[in-house]
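Here's the structure we're looking at; comments come further down.
No value in this document is a laboratory result; all are computed from the given coordinates. All values reported here derive from a predicted model rather than from experimental measurement. Cβ sites come from the backbone with ideal geometry, for glycine too, and all protein chains shown count toward neighbours.
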Amino acid sequence: MAVKIHTDLSLLEEGKGIDMFYPFYNSSHHTSKRGDDNEILMGRFDEYVEYAKTSIELTDLENADFAVVPIYMPFDYPSNLAPKRLAHFIDMCVSKGKRIIIFSGHDVANVSIEIENSLVFCGASYKSKNAGFLSFPHFFEDFIKKYKDEKLNVRKKGSIPSIGFCGYAPPINLPLSKHKLIAQMKLWANYCGMMKIFPDLSSHSYRARALKILSKHRGIKTDFIVKKNFAFGPGGLNTGSGRVSKEEFRLKYVDNIINNDYTLCIRGIGNNSVRLYETMCCGRIPIFVNTDCILPFENEIDWKNLCLWIEERDLKNIGNIVSDFHSKISPEDFEARQREIRKVWEEYLSPVGFFQTLFYSLIKK
């Protein structure tokens, strides 16, 4: 039976469309509002489109199971800056007593949305500040299906843990510049504990700090590819050694995850980690550093026992924690953990898995 959702796709003129309605966008909706605005991510919703054909029905407000705002919301609401049509849509839903599902951005933490009978999803909120908010994963193509012939190759446990990372982590590997000096100052501030007080200023300092500590640990093998620019930023796609094609870029990135036991997953500018979900897609164990994060389906997923979980306060001991964990986990549990991680991604964090679970939980209530 299809879930019945009420929305107003004409509101797409007011902002970027949310991923949930990707199957219902047509050629009149500009690609930047459809969620596939970067060529390298094309195809990530193919399976979700097929799922939506039989599982989602857009309907009028009266007959809907719930309502959904079709665009990523302004960061504050109520607000005089909100478009009038958006405010009217929300008022109508509230007046009919319909639950409203709202998605905000992935990289903005300071979201203030107060709407009666609503569920607010924000990918970068701080748990201590927004305890009532929920989180949602980043979506991308299935790496195993697209790049590894649909076969999950489980790694055997070795004597020494290997950790992968492919990404941007200033000031590491940056040429001398104003940007490098600013990043270095933020890294020093992080070592001094200042970023706990001013987390929005932390940028990539947690990432750089963790990489430096792990690189110096003798009981760990590291496979770090640290870029000089954002993956999708100025200069084109980059894996640390220059411009490459989108296929080569993605394959090298996936191989860095697949070819290691663990992958470092820690916040960048936003208080979340895309790499967390990518690592889980590949069936590898994430080393997740918790910086007061909210994660998806916290009541269903045992995140602390699924990942190699490290609290922010313990970052200084990350090398010892990883080494100790690896020495204690049995070869059988090491392999079973990888399979379980991949299963959780498929059932809860892939596009079909996330929305299917969300819809089921909403209707069940």
Per-residue ellipticity at 222 nm for the chain, helices alone: DSSP H runs ≥ 4 residues times -39500 (n - 2.57), over residue total, nearest 500 deg cm²/dmol? -9500 deg cm²/dmol
Based only on other Cβ atoms within 10 Å, what is the fewest-to-most ordering of 291, 263? 291, 263
Computed FRET value (nearest 0.05) for residue 189 with residue 152, which takes r as the C-beta separation and R₀ as 41 Å: 0.50
Once you list every other residue whose beta carbon is under 12 Å from the beta carbon of residue 86, what net charge do they have if Lys and Arg are +1 and Asp and Glu are -1? -2
Could you work out how far apart the two model spin labels at residue 228 and residue 80 are, taking each label as a point 7 Å from the Cα in the direction of the beta carbon, and quote it in nm? 4.8
Overall Cα dimensions of segment 143-349 - principal axes, largest extent first, Å: 48, 39, 35
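State the extension gain, in nm to one decimal, for the chain segment bounded by residue 361 and residue 117, taking 0.36 nm per residue of separation less the distance between their alpha-carbons.
Extending this stretch completely gives an extra 86.3 nm.
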Please express the Cα-Cα pair-distance distribution P(r) of segment 127-237 as a list of whole percents, one per 10 Å bin, running from 0 to the bin with the greatest distance. 11, 28, 35, 23, 3
Amide H proximity to residue 298 below 5 Å, modelled H, separation 5+ or other chain, gives none
Given the options 15, 164, 132, which has the most mean-square fluctuation in a GNM of the chain, springs set between C-alpha atoms less than 10 angstrom apart? 132
Of 341, 317, 287, whose Cα points farthest to the positive end of the dipole of the chain (charges on the beta-carbon: +1 Lys, Arg; -1 Asp, Glu; origin at the Cα centre)? 317
Work out, in µm²/s and without decimals, the Stokes-Einstein translational diffusion coefficient of the chain at 4 °C, 1.567 mPa s, Rh from Kirkwood over C-alpha pairs. 60
On a 0 to 90 degree scale, rounded to 10, what angle separates helix 84-95 from the longest Cα axis of the chain? 80
Partners for residue 151 among lysines (Cα-Cα distance below 20 Å; same-chain residues under 8 apart left out): 252, 343
The simple spin-label model distance between residue 198 and residue 176, using points 7 Å out along Cα→Cβ, in nm, is 2.6
Which one of 196, 148, 96 has the biggest mean-square fluctuation once the chain is modelled by GNM with Cα springs under 10 Å? 96
Around residue 173, what is the net charge, scoring Lys/Arg as +1 and Asp/Glu as -1 over all other residues with Cβ under 9 Å from its Cβ? +2
Spatially proximal lysines relative to residue 84 (Cα-Cα < 29 Å; intrachain offsets below 8 disregarded): 4, 16, 33, 96, 98, 129
By the gyration tensor of its Cα atoms, with a ≥ b ≥ c the square roots of the eigenvalues, what is the shape of segment 261-316: rounded for a/c under 1.5, prolate for a/b over b/c, or oblate? rounded
Could you tell me how many degrees, from 0 to 90 and to the nearest 10, lie between the Cα long axis of helix 318-328 and the main elongation axis, the longest principal axis, of the Cα atoms of the chain? 90
Most mobile of 85, 209, 284 in a GNM of the chain (Cα contacts under 10 Å): 85
